[in-house]
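Heads up: the structure comes next, in structure tokens.
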Amino acid sequence: MRPRNREKEQLVKEQTIEMLVTHGFESFSANKLAKACGISMATLYIYYKDKDDLIIQIASEEVAKMRAAVIQGFDPESSFEQGLRVQWKNRFEYQIANPILSLFFELLRSSSYQDKIYSGFRDDFDHMIRKFMQNSIERGEIIAMPIEVYWSVAFSPLQALIRAHYEGLRPGGSTFVLTEEIVWQTFGLVLKALKV
């Protein structure tokens, strides 16, 4: 068995993400990937068993990196405003710095791969968020609500702003660039909507 070449392995990861975001799962194939990377199919199979293994391994690795970035500095014991602010800051910074990965994660969320990729992430992250919510409820900062309601109100506005930033358009067609001022103005409105 030939040894793994880290540069080729990194190229495979980058090309996989790029191809999936650009062309979707339907037109993605290991053969096209190997050609785009300038490697043989045999070399590709040094790293992965098959196409599904390739997608799952790469996506799982990137989700783990994103998770580490998103929870950096987050403390479930913090006040509601502080904890939510850390979450927004981390998500905003990560997604603006990694636009292709953000699009990749959106693609994965609506795919058959999502359960294999997000299950461990969800379990661990959901536990942290539930603890954070419970602490905030006990302190009287927010009312009890299903986590899905919390998630929709707390993070959907940020995701919509980031999506608009990637598209570069405002409703009506004028140019849109997301700024920190807009992020924190929206955060203030979300905070008002969630706090007691």
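The values are calculated or read from the model by the stated rules, or taken from the named source; none is laboratory data. These numbers come from a predicted model, not from an experiment. Quick reminder, even Gly has a Cβ in these numbers, built from the backbone with ideal geometry, and neighbours come from all protein chains shown. The protein model used for the area step is the full one, side chains on, heavy atoms only, and it has no ligands, DNA or RNA in it. Shrake-Rupley method; radii C 1.70, N 1.55, O 1.52, S 1.80 Å.
Give me the percent of accessible area attributable to carbon and sulfur for the stretch 77-194, probe 1.4 angstrom.
Here carbon and sulfur together make up 56 percent of the probe-accessible area.
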> Hey, what angle do you get for helix 51-71 against the long axis of the chain, alpha-carbon based, 0 to 90 degrees rounded to 10?
Replying inline: 30 degrees
>> For Cα pairs less than 8 Å apart in space and 6+ apart in sequence, what is the mean separation divided by the residue count of the chain, i.e. the relative contact order in percent?
In response: 19 percent
> How far is it, in nm, from the label point at Lys65 to the one at Thr179 when both lie 7 Å from their Cα along the line to the Cβ?
Replying inline: 3.1 nm
>> Suppose only helical runs count, i.e. DSSP H with n ≥ 4. What mean residue ellipticity at 222 nm does that imply for the chain under -39500 (n - 2.57) per run, divided by all residues and rounded to the nearest 500 deg cm²/dmol?
In response: -24500 deg cm²/dmol
> What is the count of Lys pairs in the stretch 1-98 whose alpha carbons sit under 28 Å apart, if the two are 8 or more places apart or on different chains?
Replying inline: 20
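Considering only protein heavy atoms, what per residue accessible area in square angstrom results for the stretch 77-194 with a 1.4 angstrom probe? Mind showing how you got there, number by number?
Details: 6290 Å² over 118 residues.
Result: 53 Å² per residue.
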> Fully extended, how many nm does the chain gain between Ala193 and His23 (0.36 nm per residue separation, minus their Cα-Cα distance)?
Replying inline: 57.4 nm
> What does the highest-first list of 89-99, 134-144 look like by mean Cβ count within 10 Å?
Replying inline: 89-99, 134-144
> What is the sum of charges around Gly188, taking Lys and Arg as +1, Asp and Glu as -1, for the other residues whose C-beta is under 14 Å from the C-beta of Gly188?
Replying inline: +1
